Amino acid sequence: MTTRAQVSSVQDVVASSAELARAALARTTGADFRTRWKALVTQGLLSAGSRAPAAGSGGPGPVTTALATIEGIGLAGAPAGLCYALASQRFGIQHPLQSMLSEQALHSLGDVTSGDVLLCHALTEEGGGSDPLSMSTSAERQADGSYLLTGMKSFVTAAPVADIGLVFARTSADRNPFALSAFLVDLRVPEVKRSEPFAKTALTEVPMGSLTFGGVRLAPDRLVGQEGSGLALLTVTTAWERAMLLSYALGPMRHVLDRTVDWCKSREHFGRKMGSSHLVAARVADMALALHRSRELVYRMAARLDAGERPRHLAAAAALTKISVAEDYVMFTKQAAMLGGVRSFIEDSGLCADLISPMAASTYAGPNDLLRVTVARELGLPVEN
Ligand SMILES: Cc1cc2nc3c(=O)[nH]c(=O)nc-3n(C[C@H](O)[C@H](O)[C@H](O)COP(=O)(O)OP(=O)(O)OC[C@H]3O[C@@H](n4cnc5c(N)ncnc54)[C@H](O)[C@@H]3O)c2cc1C
């Protein structure tokens, strides 16, 4: 259970990270993704909570601290795409790797926490998104023990600018649970070609693209875990993502709720404040409800991870959290868009509603439809993907 002391320290982390982020964002208004990323990360915002609190300090654990930090960055007004990129790197890559790699292997990635090294998670291919076993990218073991990586990953967040990719590839032609392996691939070598950033419509502040591997030689120590453990590792990275990635939305949601309340308090309609309509008040209350539910769920997942629960064992709860927050975020934004009227569709109105980015959350980290199938299967229904 969260104590009063812990609650106040979570709020302290949120407030101090918001203050640091506000300054970094102001300095880099209009700059490109990597510049803004670096400005935020050099404040220590991506390493916050990387050490566990001193025993008996009562402070929040590392996952909760990282979550509060990302919430603070969003509260400071960081665009949703930047918040998403930070949460994705922190929870979808850094945390899982910390539990799988030796200190030395982690060190060999370079300084991730300074913003000098940017990671990406390369799983999806043009022909296979939800179904990883259909991937065609392959890593063939060579006589000297190295691997030769060939193929193409697509729709990868940060691919156009990342330094190192956690790349999933087939090490066996069979379609079985041991056919895949994961590798840490240096994307700065000539055998890796990056696409131009895709013209995507969601989370526009972080670039997405494809990576083509034209026979990249990988030393044996680039393999993460054992050969054939790729699918098991994917279970861990996706459990982390489903549990924690939607944390990126908490700050932007609070931001939108606050500005919507201000708008409803100031806007006059029919000779009275718009907020004195019960229908308007109910929409605002529904927004607050969606944010409250989402925040409670994500902080609960962080507390369970801090308590040492294994991500793999949290898979069902993580899937439910991801579906719930993703769907609440869509409903929340729809209410805000209704209340903003025409200003919801004017970029510089201060009330512009981004309906597309919340919708994208029902696709990444496992489409919600497929997660529903997983949940039903866990409950005992004889249903397969
Ligand atoms: C903003 C964003 C960021 C992303 N970042 C990354 C990244 O960093 N790295 C990466 O590797 N990938 C990334 N992706 C890609 C993402 O992982 C894939 O989009 C996802 O796995 C789904 O694959 P797909 O889009 O090919 O959908 P498909 O597999 O084609 O599925 C589309 C839809 O079909 C339906 N469907 C399909 N099969 C079933 C079934 N058996 N049961 C029920 N419904 C079904 C569902 O409604 C599903 O949503 C990102 C995507 C987005 C939107």
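The values are calculated or read from the model by the stated rules, or taken from the named source; none is laboratory data. Everything numeric here is computed off the predicted structure, so don't read it as measured data. Note that we place each Cβ from the backbone using ideal geometry, even for glycine, and neighbour counts take in every protein chain shown. For accessibility, only protein heavy atoms count, side chains too; no ligands or nucleic acids. Shrake-Rupley method; radii C 1.70, N 1.55, O 1.52, S 1.80 Å.
With respect to residue 67, is the statement that it is under 18 Å from the mean Cα position of the chain (by Cα) and touching a residue at least 24 places away in the same chain (Cβ under 8 Å) true?
Yes: the conditions hold for residue 67.
For residue 336, are the conditions met, namely being crowded, with 17+ Cβ neighbours inside 10 Å, away from the ligand (no atom under 16 Å from the Cβ) and assigned to a helix (DSSP H, G or I)?
So residue 336 passes the test.
Could you list, in sequence order, the residues of region 88-115 that are in a helix (DSSP H, G or I) and acidic (Asp, Glu)?
The one that is in a helix (DSSP H, G or I) and acidic (Asp, Glu): 103.
To keep it simple, each residue is scored yes or no on (1) part of a loop (DSSP other than H, G, I, E, B); (2) buried (at least 21 other Cβ atoms within 10 Å of the Cβ); (3) modelled with pLDDT of 95 or more; (4) in the same structural domain as residue 96 (by TED's automatic domain parsing).
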{"position": "294", "(1), (2), (3), (4)": "no, yes, yes, no"}
{"position": "302", "(1), (2), (3), (4)": "no, yes, yes, no"}
{"position": "309", "(1), (2), (3), (4)": "yes, no, yes, no"}
{"position": "312", "(1), (2), (3), (4)": "no, no, no, no"}
{"position": "320", "(1), (2), (3), (4)": "no, no, yes, no"}
{"position": "327", "(1), (2), (3), (4)": "no, no, yes, no"}
{"position": "341", "(1), (2), (3), (4)": "no, no, yes, no"}
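Only one of these is in contact with a helix residue (DSSP H, G or I) (Cβ under 9 Å, 6 or more places away or on another chain) and more than 24 Å from residue 39 (Cα to Cα): 125, 191. Name it.
125
Taking region 170-222 only, how many residues are aliphatic (A, V, I, L, M) and either assigned by TED's automatic domain parsing to the domain that holds residue 248 or closer than 30 Å to residue 353 by Cα (or both)?
5
Can you tell me which residues in region 134-143 are within 12 Å of the ligand (Cβ to nearest atom) and open to solvent by 30 Å² or more (accessible area, probe 1.4 Å)?
134
Which residue out of 72, 81, 77 is within 16 Å of the ligand (Cβ to nearest atom) and modelled with pLDDT of 90 or more?
81
Across region 91-120, what is the total count of residues that are closer than 17 Å to residue 37 by Cα and touching a strand residue (DSSP E or B) at 6+ places or on another chain (Cβ under 9 Å)?
9
Of all residues in region 144-164, count the ones that are closer than 22 Å to residue 174 by Cβ and within 8 Å of the ligand (Cβ to nearest atom).
1
Taking the stated definitions as given, is residue 146 surrounded by fewer than 22 Cβ atoms within 10 Å (Cβ to Cβ) and not assigned by TED's automatic domain parsing to the domain that holds residue 366?
So residue 146 passes the test.
One residue is enough: does region 102-110 have a residue meeting the conditions under 19 Å from the mean Cα position of the chain (by Cα) and away from the ligand (no atom under 16 Å from the Cβ)?
No, region 102-110 has no match at all.
Say whether the condition of being out of contact with any Asp or Glu (no Cβ under 7 Å at 6 or more places or on another chain), in a helix (DSSP H, G or I) and either charged (D, E, K, R) or modelled with pLDDT of 95 or more (or both) is met by at least one residue in region 42-62.
no
So which residues in region 173-208 are buried (at least 16 other Cβ atoms within 10 Å of the Cβ) and among the hydroxyl-bearing types (Ser, Thr, Tyr)?
181, 195, 204, listed by residue number.
Condition first: in contact (Cβ under 8 Å) with a residue 40 or more places away in the chain, part of a loop (DSSP other than H, G, I, E, B) and more than 10 Å from the ligand (Cβ to nearest atom). Can you find one or more residues in region 352-370 that meet it?
yes
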